[in-house]
Amino acid sequence: MSGGESANRPGQFMGYALPWGFVALLALVPVVFPDPYLLAVLTSAGIFIIGAISLNLLLGYTGQLSLGHVAFFGLGAYASALATLGFDIAIGFGLRLQVAPQPVWVGFLAAILVAGGFGWLLGRLAFRVRGAFFVILTVCFAQVLRMVALNWVELTQGPMALIGIPGFALWWPGEGVVELTRKDQNYWLVLAVTVLAFLLVRQLVQSRFGRAMVALRANESLARSVGIRVTHYLTVAAVISAGIAGAAGSLFAHYTRIIDPDVFLFIYTVTMVIMVVTGGKGTLWGPVVGGFIFGLMPDLLRGTAPPEVQWVIYGAAMILFVMFLPRGIVPALQALLRRRAA
Amino acid sequence: MSAATPARPLLEVENLAVHIGGLVAIADMSFAVPAGQVVSLIGPNGAGKTTAFNVISGYMRATAGRIRFEGSDLAGLTPERIAARGLTRSFQRSSVFAGCSVFENALMALHLRGRAGLLGALLALPFARREEKQLHAEAEALLALVGLADRAARPADSLAYGEQRRLGIAMAAASRPRLLLLDEPAAGLNPTETEALMALLRALRDQGMTVLLVEHDMAMVMRLSDHIVVLNQGRIIAAGPPDAVRRDKAVIRAYLGSAAEEALHAEA
Ligand SMILES: Nc1ncnc2c1ncn2[C@@H]1O[C@H](COP(=O)(O)OP(=O)(O)OP(=O)(O)O)[C@@H](O)[C@H]1O
Ligand SMILES: [Mg+2]
């Protein structure tokens, strides 16, 4: 959060020109470097950055460590894929549930709603049990969903994966409504959603709502004494966080066109946590900076060393960041800038 | 002060009992706080004063008894609901939002003065922006009231001890509660700071806040209180106006100790 008065705000350049210039540069990448491999790498990094932005709302701003965050990502991916593919399953009592294939935007909304709904459920359940129990509950939640995805073959095809997922369909200048099949189109879509997620979270945390979340993290009993409703704010934060993660999952499903139960893998949660923690939890730019570093590192290392060595480097980088910049890169940079300004 | 004298006191505590494990922290406690007054709850260490505050403000459950605020029972309400009804408290141990500036602390404490929710924030609705501006103005006024205006940008946890105490009081009073519970606000303050604190408490009372005070500084309690309740080992041993309490034998024995008793005799 920026400190109350305008004098404390970063200048116009830092607060406005720099971020939008950065977005403009990113938007130009497909024009200047139309390399499909580069675009693919940046697109999947972007999807993870959206996930990290959503995790930061819970982990960074409310201070709740959710180690099952990938659950919402996976739920979004499956909800969106199933809505667009349609399904016909037995739901017991001799009844069947049939859904005809829907347009992709319906799938996208379904992803947000389903993930957000589960976020609400988890929030309601878990915020009664706090601390370590909450962490365990979130891990179990993601594992249970993975088991469901593996075994509910009629709905999810289990380990055979859901295939033939349509690409995102959007109105495109000069072409009308088209299915986004080109790498550059998907890149721009992910960039746009990332910017939207960033703006949404920024809007939220710089308001009375965000202040209440930070107050709860900083000192819960004091926050309650000034009338901040703990369960309300934590639950709403969980819903929004889960909804954004669900949107990222939907983008992932329609970008890769194939999903299997591995979208619920624990390692993806870990990746998002690393992005948030190294970048700086509870800062707006933390998940973006951490997301770029740890989202691109595997691809930058690819081909330079055997995979095992790559993972060692990845792990070492993570440990070094956490050791030397325990609060994250962005807070360290902010402190540096402040010292130079003073 | 409110001109009308309501038949009902603002706060009524009736036959309150609090057991912590096997310990009787409070036994059969009854007292009332009339609107517009400063009532003090005093007693030696471990008498149960903070416990009483914790129960009244919703942080602990009573084992028995009732607490009524403006006539309605507070049983089962969370601290945040009780605060929303107009009853807030400060903490005996300095308590701030660590890692946030003094100004942010003030804004956070003004939570109940605002209404804006999710939609207002997401859509940057005009009313939400207006409210935000107004809250900023209120935060400035609040800090000015407790003499912390020039500390606004400092991290709250870097303030000097006395300043943190004042910030704590400001935050408890921020939502303009009708009843303010203060737990040892003068602890650790020097005489000048204590004098300033008394002026602040009088100002708050004159703004319409009723104060229930826990305090060890007897001089301050005697000068400020309209009514004093004396607690020892969880039981009320005396209650009345300052002059009566000062002369009460049981109080002198239990609370002030023999040294103070001698001092009082010497004074008389
Ligand atoms: N959470 C708790 N667990 C166990 N015992 C407690 C707890 N809170 C209070 N007590 C006990 O209850 C009794 C009353 O404590 P309380 O803190 O209310 O006293 P106090 O009057 O505020 O004292 P002081 O003047 O030292 O602040 C003490 O014997 C204390 O040890
Ligand atoms: Mg106490």
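From least to most packed, judged by other beta carbons within 10 angstrom and beginning with the fewest, B:192, A:194 follow the order B:192, A:194. Restricting the stretch A:73-128 to chymotrypsin sites (Phe, Trp or Tyr not before Pro) that sit in a DSSP loop and have at most 16 other Cβ atoms within 10 Å of their own Cβ leaves A:93.
Cβ-Cβ distance of residue B:247 and residue B:133, R₀ of 45 Å, FRET efficiency by 1/(1 + (r/R0)^6): the value works out to about 0.25.
You can think of it this way: the chain between residue A:98 and residue A:308 has 71.1 nm of extra reach, that is 0.36 nm per residue less the Cα-Cα gap. Convex hull volume of the Cα atoms of the stretch A:29-264, normalised per residue: 137 Å³.
Placing unit charges on the Cβ atoms of the charged side chains and taking the dipole of chain A about its Cα centre, the candidate lying farthest along the positive direction among A:246, A:230, A:303 is A:230. Straight-line reach from residue A:281: taking Cα to Cα under 17 Å and skipping same-chain neighbours fewer than 8 places apart, no aspartates and glutamates fall in range. Placing a pseudo-label 7 Å from each Cα along the Cα-to-Cβ vector at residue A:25 and residue A:338 gives an inter-label distance of 2.5 nm. A helix-only calculation puts the protein assembly as shown at -17000 deg cm²/dmol for mean residue ellipticity at 222 nm, using -39500 (n - 2.57) for each DSSP H run of at least four residues, averaged over all residues.
Given +1 at the Cβ of Lys and Arg, -1 at the Cβ of Asp and Glu and no other charges, the dipole of the stretch B:97-158 around its Cα centre is 180 debye to the nearest 20. Computed extension gain for residue A:267 through residue A:38, at 0.36 nm per residue and net of the alpha carbon distance, reaches 80.1 nm. Here the protein assembly as shown is treated as a sphere whose radius is the Kirkwood value from Cα pairs; by Stokes-Einstein at 25 °C and 0.890 mPa s it diffuses with a coefficient of 90 µm²/s. For the options A:178, A:205, A:41, a Gaussian network treatment of chain A with springs between C-alpha atoms closer than 10 Å singles out A:178 as fluctuating the most.
Sequence-ordered 3J(HN,Hα) estimates for the stretch A:315-328 from the Karplus curve with 6.51, -1.76 and 1.60 and θ = phi - 60° stand at x, 5, 4, 4, 5, 4, 4, 5, 6, 8, 10, x, 8, x Hz, glycine and proline given as x. You can think of it this way: the chain between residue A:196 and residue A:220 has 5.6 nm of extra reach, that is 0.36 nm per residue less the Cα-Cα gap. Determine which residues of the stretch A:209-227 fall in the zone a paramagnetic label at residue B:93 would reach in this model, i.e. backbone nitrogen under 14 Å from the point 7 Å along Cα→Cβ. Hits in the stretch A:209-227 for residue B:93 at 14 Å: A:219-222.
Where a number appears in this text, it was derived from the coordinates with a stated rule and is not lab data. Treat the numbers as computed from the prediction; the structure is a model and nothing was measured. Cβ coordinates were reconstructed from backbone atoms using ideal geometry, including for glycine residues, and neighbour counts include every protein chain displayed.
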